[in-house]
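Below is one structure; the comments refer to it alone.
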């Protein structure tokens, strides 16, 4: 796995697609695979879905895990994701807010609940005919939050068959940037989107959002 930031107390990797955080049946999980690659144990500070690629922070010590996990709990980290859809959203930018409720098939849906809502800020732009790019900034960290947010906008993520996305060579959700604090310093890591042929369209459009990055 590609190491984006290698620190004595933690590391940030560029998570590949198709790997879960922990073992599923006979499939080894990411934490185990990374441990074998680097010959040490890791604590996953946060999680990314199996289909999601990009910046993932893992601690090397219990103390680093405690300090970094507290930042995610306090919502002082900043996370930005890139996503693609082949459908137009009901609005081009704004906020998606609502409760999250689990359905019978194990998926999640957005509700009108205001108690502990999932909150996502997003921008979108046309990248090519039939292809729309989204920049997403979650302000909460709920399971499948971004996938459900885009489904609620009428534009499920390409390749996300659980939430009605059109077939594609991968699920097009990528954890692009991650920022957190360590010993008084703000650390920001950018993960290049290296998997999925359609992400190439994104990099021609990012310049127009320089003021939002």
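Touching a helix residue (DSSP H, G or I) at 6+ places or on another chain (Cβ under 9 Å), closer than 24 Å to residue 150 by Cβ and exposed (fewer than 15 other Cβ atoms within 10 Å of the Cβ) - does that describe any residue in segment 48-69? No - not one qualifying residue is present in segment 48-69. Residues of segment 175-192 that are in contact with a helix residue (DSSP H, G or I) (Cβ under 7 Å, 6 or more places away or on another chain) and surrounded by 15 or more Cβ atoms within 10 Å (Cβ to Cβ): 180 alone.
In segment 54-68, the residues that are touching a residue at least 24 places away in the same chain (Cβ under 8 Å) and at positive phi form Cβ pairs under 6 Å with partners that are part of a loop (DSSP other than H, G, I, E, B) and surrounded by 18 or more Cβ atoms within 10 Å (Cβ to Cβ), at six or more places apart or across chains, as follows: 54/191.
Looking at 114, 101, just one residue is farther than 25 Å from residue 20 by Cα and surrounded by fewer than 14 Cβ atoms within 10 Å (Cβ to Cβ), and that residue is 114. Taking segment 1-28, which residues are part of a strand (DSSP E or B), surrounded by fewer than 12 Cβ atoms within 10 Å (Cβ to Cβ) and modelled with pLDDT of 90 or more? Within segment 1-28, 2, 6 qualify. For the residues 80, 47, the requirement of being assigned to a loop (DSSP other than H, G, I, E, B) and either within 19 Å of the chain's Cα centre (by Cα) or farther than 25 Å from residue 160 by Cα (or both) singles out 47. Counting just the residues of segment 117-144 that are in contact with a helix residue (DSSP H, G or I) (Cβ under 9 Å, 6 or more places away or on another chain) and assigned to a loop (DSSP other than H, G, I, E, B), which one comes out surrounded by the most Cβ atoms within 10 Å (Cβ to Cβ)? If we take residues in segment 117-144 being in contact with a helix residue (DSSP H, G or I) (Cβ under 9 Å, 6 or more places away or on another chain) and assigned to a loop (DSSP other than H, G, I, E, B), then 144 is surrounded by the most Cβ atoms within 10 Å (Cβ to Cβ).
Sub-8 Å Cβ pairs linking a first residue in segment 145-164 that is on the phi > 0 side of the Ramachandran plot and surrounded by fewer than 23 Cβ atoms within 10 Å (Cβ to Cβ) to a second residue that is at pLDDT 95 or above and part of a helix (DSSP H, G or I), at least 6 apart or interchain, are 164/151, ordered by first then second residue. Reported count of residues in segment 29-44, each being part of a loop (DSSP other than H, G, I, E, B), surrounded by 15 or more Cβ atoms within 10 Å (Cβ to Cβ) and touching a residue at least 12 places away in the same chain (Cβ under 8 Å), is 1. In segment 83-100, what count of residues is obtained for those that are out of contact with any helix residue (DSSP H, G or I) (no Cβ under 7 Å at 6 or more places or on another chain), closer than 18 Å to residue 205 by Cα and not in a loop (DSSP other than H, G, I, E, B)? Adding up the residues that qualify gives 1.
The values are calculated or read from the model by the stated rules, or taken from the named source; none is laboratory data. These numbers come from a predicted model, not from an experiment. Because the Cβ atoms are built from the backbone with ideal geometry, glycine has one as well, and the counts that use them run over all protein chains shown.
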